[in-house]
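Quick notes on the structure that follows.
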Amino acid sequence: MTPISLACDCGNVVLHIAPRPAPPQGNRIICHCNSCRAFARLLGRTDVLDSADGSDILQIRCDRLSIAKGAEDIAALKLSPKGLSRWYAACCNTPLGNTTGGPGFPFFGALVHGIVAKDTLGPVLARVNIPKERPLPQGLPATEGRTTAAFAGVFTIMLSGWLARAQKRNPLFPNGKPLAPPRLVSLAEKETAYA
Ligand SMILES: [Zn+2]
Ligand SMILES: [Zn+2]
């Protein structure tokens, strides 16, 4: 089967996701948390957010991910020392996805922005992590509204991943070391990004 391609905007970096026989291709959510928004802002890429500042994310087990090309252009940043590693293509500042800070969790949250065939992924389960200070505006595209299923999906990915030791097969942590050392953003950058 043809892999699902996740490409940066300039095409230098291409990641592949091993496809499932049928949708859903992962646990698809729109995350409205302030950190996902801050990530896009730090890269100067608020265009990847939806009209309510949400990030469309396909959560998968990390061993479905591979790097087809452009590994040398993959970079990462962290918003806090113990926070997620947020991966992007440095060639054109395209956000690619998130992992936990270290290699212990068998997880990758792919930013749907770079996925070419978005319509093959399956529906968005739910909008999650909506900050109290930024309630959702009216008129957003409907999701399936299955918040519990969305969180259960993450748990299932983690559990099946640990059982299969999938965290050992994360191309972003070859030999257990980050492919690119994440840059910890400065407090000044954070203040702007979270404002
Ligand atoms: Zn690029
Ligand atoms: Zn988020």
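The values are calculated or read from the model by the stated rules, or taken from the named source; none is laboratory data. Everything numeric here is computed off the predicted structure, so don't read it as measured data. No Cβ is skipped: glycine too gets one built from the backbone with ideal geometry, and neighbour counts run over all protein chains shown.
Quick check: anything in the stretch 85-103 of a type in the set (A, V, I, L, M, F, W, C), away from ligand 1 (no atom under 16 Å from the Cβ) and either buried (at least 21 other Cβ atoms within 10 Å of the Cβ) or modelled with pLDDT of 95 or more (or both)? Looking for residues that are of a type in the set (A, V, I, L, M, F, W, C), away from ligand 1 (no atom under 16 Å from the Cβ) and either buried (at least 21 other Cβ atoms within 10 Å of the Cβ) or modelled with pLDDT of 95 or more (or both), one finds none in the stretch 85-103, hence no. Of the residues making up the stretch 1-44, those that are within 16 Å of ligand 1 (Cβ to nearest atom), in contact with a Ser or Thr (Cβ under 7 Å, 6 or more places away or on another chain) and either in a helix (DSSP H, G or I) or within 21 Å of R134 (Cβ to Cβ) (or both) number 1. In the stretch 117-137, the count of residues that are more than 14 Å from the chain's Cα centre (by Cα), in a loop (DSSP other than H, G, I, E, B), closer than 18 Å to S35 by Cβ and acidic (D, E) is one or more. In the stretch 51-65, the count of residues that are within 16 Å of ligand 1 (Cβ to nearest atom), on the phi < 0 side of the Ramachandran plot and not aliphatic (A, V, I, L, M) is zero. Please specify each residue of the stretch 45-77 satisfying the condition of being surrounded by fewer than 23 Cβ atoms within 10 Å (Cβ to Cβ), within 16 Å of ligand 2 (Cβ to nearest atom), polar (S, T, N, Q) and not in a helix (DSSP H, G or I). Across the stretch 45-77, the qualifying residue is only Q59. Filtering G139, G83, G44, G104 for residues that are among the small types (G, A, S) and free of Cβ contacts under 8 Å to residues at least 40 places away in the same chain leaves a single hit, G139.
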